[in-house]
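A short write-up of the structure that comes next.
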Amino acid sequence: MSELLEVEDLTVTFPTTRGPVDVVKNVSFTVGRDETVGIVGESGSGKSMTSLAVMGLLPKGAITSGSIRLDGTELLGRPERELRRLRGDQMSMIFQDPLSSLNPYYTVGLQIEEMYRAHRDRSRKAARKVAIEALAQVGLPDPERRVNHYPHQFSGGQRQRIMIAMALVCRPKLLIADEPTTALDVTVQAQILRLLADLRSQSGTGMVFITHDLAVISSIATRVLVMRRGEQVEYGTAEQIFAEPRHAYTRMLLESIPRIDDEVAP
Amino acid sequence: MAGGAPATSGRRVLRVLLRDRGAVLSGAYLALIVLMAICAPLITAITGHGPNDFDTAAVDTDLGGVPYGTLGGISAEHPLGVEPQNGRDILARIAYGARVSLIIAASATALTTLLGVVLGMLAGFYQGWVDQVICRVMDFLMAFPALIFMIAILSALPQGNRPVLLVVVISVFGWPYLARVVRGQTLTLVNREFVEAARACGASTGALVFKEILPNLRSSLIVMTTLAVPGYVGTEAGLSFLGVGVTPPTPSWGQMISSSVGWYAVDPMYFVIPGGFLFLTVLSLTVLGDRIRAAYDAGEAA
Amino acid sequence: MMARYVAGRLAGVVVILFLVCLFTFVLFFTLQPDPAVMICGKTCTPERIDQIRGVLGLDRPFFTQFFGFLAGIFAGRDYGEGANLVHCPAPCLGYSFQTNQSVMEMVVERLPVSATVAIGAAVLWLLVGIAAGLLSAVKEGTWIDRTAMGLALGGSSIPNYVLALALQYVLVVQLQVLPFPQAVAFSDDPLTWFQSYLMPWIVLATGYACLYARLTRANVIDTLAENFMRTARSKGLPPLLTMRRHALRPALTPIATIFGMDFAGLLGGALITETVFGLNGVGKMAADSIAKNDQPVIMAVTLLAAFFVVVGNVVVDLVYTRLDPRVRITSP
């Protein structure tokens, strides 16, 4: 029985005017069926590129090598047509800025419905019901009315909930969350994290959680992958990483987390 | 960091432009036209034909004034041919016409830029009722059917001092478009932190305007101005075409095109030459403006 | 509050039109060579000039004339007296003594021609321009893109009278594919009607098509780079649906507003195109009246053109609130 997601020796290269540049170098990790794996790193570490490679959404010109297997099926090199069928249905993604990630010209209802209608049932009535249910599930009050509202009529936290609802509406096996809480207020962050954790465990979805914030990872991930400049620096269970970090870089990241009991210089 | 103007951006843009084939070709053609305009008296001295010298020997009066020879009378004597009926040298008239077009376009650009920048900045800087008044005036001018009005004013006014009038009229209707952009940018700049910081340091209004705001407007100004110049050339030519531009016998490309209408069945070159010069000039200005804009945009993205 | 907004905008329209009127009136009042002299013609005597001035009301002070004009718009106006009485029914935009018609009549006669030119050109430039822009954007960087944009730059640089004359020369004189434009009604001779309007449509549409192609291309490219396009792709939606629904609407909505303004401007008459092709529209009427110094007509044409532009502005803004959900008019 294979793992949900197996990434092996993934390398992503971009041709530039200064020669080919590896933005991801020989990265390997696995995600189990019911677990959350965190990918941590600073900007430019290649963590987003890794997730885009899994989804097959890399920008034009990217050259990938290695292997990405979703539930045993190899994703790299698959024709776009087949990848499209998998996207939204088997694997979903949510992004950092929910305002710009939603189309301002259409209601949130329509944007959720089109996901359902593309992969499950064409009927508009069925899709509408599913959309309302999805909004209720993520804790949005008054979903029957608000399903007809536009993205700009919601708050940042609510918009991220909508993105989550949209991503999970077809019950994908894998959810990739690319810095979903970075753009939100701290209090809202906690709510969203809890929501993600709850939904994930309810539906048994595997999750890849990408962030630059180690503190956030500690609360939700079972395994952690630390990346730096495209390379895999450390990979292990969360306890291992936090208790006995092997790499200097990981230690540096850990030390940079401000703690409430830190000494303040006089 | 955010405050001062990026000193190298002008140089960078120039470098980008020099590598762009379209920009280089356009620039070369424009330089040629400018040269022709400046050297117009010299050209006349060399060929021996002034722009208003009749040369009836070059046209066949029996056939109603059609120029001798093919291609509208092109010869060693008259490198671009002659006008039907009066035999005026077309090369000389094109050269002097270039003067008219370029001087009017340049002056209109200068005046429009002055008005647009000053009024746009006043509106954006002081806001309040100053802004309201200026905006209303802009709305009013932009609603005006400019072409109709320009023709009406110009035909009602006495014939003297035409070029000045043309410049004024074109500028009066042209400045709101620039002012609108300047006002918008000034508004966003005025609220930015570096302006507040400068104020907190006790900077006077003058220093604020010249050191903080204007430099940041520079790239938009350059882009908007270069994009507007072909319009001015076209407008002057259009007004001259309709007969309300520069008074004959002062040559103007637009007026030459207008005169060529009756002749194009028998002497198409009389249309093709001024038409071609006008088209290529406007095209070069447009291409250059477009490349400049692209170069600045690429800079912003970087 | 929608009603309040509209009322506010309409009030603004009235103010601007009033100012346009005033401005034009002042200019003609101070600059104009005496229209009475123009009408009088060759066999003129000072008494006749005075008589004409009396009839036209030109001997009265400025404000009386101005308000007489304004009143005429609402209530109609009478010129002269007794046997020479001429009644100009409301809305009276003036009376042309050179053509012996109320200006309103003249406009109504000629508006269909200008409208035909405008609508035909609009259909042409929207179809060609937007299609070209879309194609260029989707094929960004390829030779298709470069060729299309090169043509667009070239096309926007040809002054329309140059293009008009060049087309006429090539198509009518040399190749003899088309006849010279004639004034026929559609019902009389559809083929000649079409042939007569074809060149004006092409000439007028060219400049706009080039502009719209460049605009569309820029907008579509920007839209395709937006984050919500990435989301749409990540949802595994069919590509055509993604383009049609998620890319077109954000890209084309700003163009719709620009189109509204451009079209409104054309309703005032495409002066140069109509003049060059000899089409009897409002634009040509403007040019003729300026040449003949027919002041009431010039006055009215200016007002009419401004009216279309200003009203068009309001309509466009209102339509935009329907198109872009972020700009709905809500109570403060």
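The values are calculated or read from the model by the stated rules, or taken from the named source; none is laboratory data. All figures in this text were calculated on a predicted structure; none of them were measured in a lab. Every residue, glycine as well, gets a Cβ built from its backbone with ideal geometry; the counts of neighbours run over all protein chains shown. When the accessible area is computed, the model is the full protein with side chains, heavy atoms only, and any ligands, DNA or RNA have been set aside. Shrake-Rupley method; radii C 1.70, N 1.55, O 1.52, S 1.80 Å.
List of remarks:
- Relative contact order of chain B, defined on C-alpha pairs under 8 angstrom at six or more residues apart (%): 25 percent
- Convex hull volume per residue for the stretch C:223-332, taking Cα atoms only, in Å³: 148 Å³
- Note on chain C: Cα-Cα pairs beyond 31 Å make up 49% of the total pair count.
- Annotation: lysines with alpha-carbon distance below 23 angstrom to A:LYS173 (same-chain offsets under eight excluded): A:LYS47, A:LYS129, C:LYS235.
- Think of a 1.4 Å ball rolled over the protein heavy atoms: the stretch C:59-189 then has 52 Å² of accessible area per residue.
- Straight-line cross-link partners of A:LYS60 among the lysines, defined as a Cα under 16 Å from its Cα and at least 8 positions apart when in the same chain: C:LYS139.
- The orientation-averaged projection of the convex hull spanning the C-alpha atoms of the stretch A:71-226 amounts to 9.8 square nanometres.
- Computed [θ] at 222 nm, helices only, for the protein assembly as shown once each DSSP H run of length n ≥ 4 contributes -39500 (n - 2.57): -19500 deg cm²/dmol
- Remark on B:GLN85: its backbone amide H falls under 5 Å from those of B:VAL66, a criterion applied only to residues 5 or more positions apart or on other chains, H modelled at 1.01 Å from N.
- FRET E, pair B:VAL209, C:GLU105, Förster distance 56 Å, beta-carbon r, rounded to 0.05: 0.55
- Highest-first arrangement of B:181-190, B:91-100, C:313-322, where packing means the average Cβ count within 10 Å: B:91-100, B:181-190, C:313-322
- At least 50 Å² of accessible area lost relative to the chain alone, listed for the stretch C:149-182 with a 1.4 Å probe: C:LEU153, C:SER157, C:TYR161, C:VAL162, C:LEU165, C:TYR169
- Total accessible area lost when A and C pair, probe 1.4 Å, Å² to nearest 100: 2200 Å²
- The stretch B:214-302: Rg to Rh, with Rh as the Kirkwood radius over Cα pairs: 1.17
- Convex hull of the protein assembly as shown built on C-alpha atoms - directionally averaged projected area, nm²: 49.7 nm²
- Amide H contacts of A:THR36 (H built 1.01 Å from N, in plane; Pro and chain starts excluded): A:MET207, A:THR222, A:ARG223 sit under 5 Å, all sequence-distant by 5 or more or on other chains.
- Interface size, chains C and B: roughly 3000 Å² of accessible area buried, both sides included, 1.4 Å probe, rounded to the nearest 100.
- For the stretch A:77-130, accessible area per residue (1.4 Å probe, heavy atoms of protein chains only), Å²: 46 Å²
- Carbon + sulfur, % of accessible area of the protein assembly as shown - ligands and nucleic acids excluded, 1.4 Å: 61 percent
- Ellipsoid semi-axes in whole angstrom, largest first, where each is sqrt(5λ) of the Cα gyration tensor of the stretch A:47-117: 25, 15, 10
- Sequence-distant aspartates and glutamates (8 or more away, or on other chains) whose Cα lies within less than 20 Å of A:LYS125: A:ASP89, A:GLU113, A:GLU114, A:GLU133, A:ASP142, A:GLU144
- Minimum 50 Å² accessible area buried by the other protein chains, the stretch A:133-167 residues, probe 1.4 Å, relative to alone: A:HIS152
- For the stretch A:8-73, the alpha-carbon radius of gyration amounts to 1.16 times the rule-of-thumb value 2.2 N^0.38 Å expected for a compact globular protein.
- Annotation: per residue accessible area for the stretch B:1-127 equals 51 Å², rounded to a whole number [probe 1.4 Å, protein chains only].
- Shielded by partner chains, the stretch A:68-107 residues - at least 20 Å² of accessible area, 1.4 Å probe, vs chain alone: A:ARG84, A:ARG87, A:PHE95, A:SER100, A:SER101, A:ASN103, A:PRO104, A:TYR105, A:TYR106
- Taking every alpha-carbon pair under 8 Å whose residues sit at least 6 apart, chain C reaches a relative contact order of 21 percent.
- In terms of its alpha-carbon gyration tensor, the stretch B:46-133 comes out prolate; a/c meets the 1.5 threshold, and the first ratio a/b outweighs b/c.
- Within chain A, percent of DSSP bridges classed antiparallel, to nearest 5: 55 percent
- Here the Debye sum runs over all C-alpha atoms of chain A as equal scatterers in vacuum, and log10 of I(q)/I(0) at q = 0.12, 0.13 Å⁻¹ comes out as -0.75, -0.87.
- When only alpha carbons are used to place a centre, the stretch C:193-245 and the stretch B:166-190 end up 29 Å from one another.
- GNM top mover of A:GLU35, A:GLU255, A:GLU113 - chain A, alpha-carbon springs below 10 Å: A:GLU255
- Using a Gaussian network model of chain A in which every pair of alpha carbons under 10 angstrom is joined by a spring, one finds that among A:THR237, A:THR205, A:THR181 the greatest mean-square fluctuation is at A:THR237.
- Table column - 3J(HN,Hα) (Hz), the stretch A:20-32, Karplus curve with 6.51, -1.76, 1.60, x for Gly and Pro: x, 10, 8, 8, 9, 10, 6, 9, 9, 6, 10, 10, x
- Using a Gaussian network model of chain A in which every pair of alpha carbons under 10 angstrom is joined by a spring, one finds that among A:SER67, A:SER218, A:SER100 the greatest mean-square fluctuation is at A:SER100.
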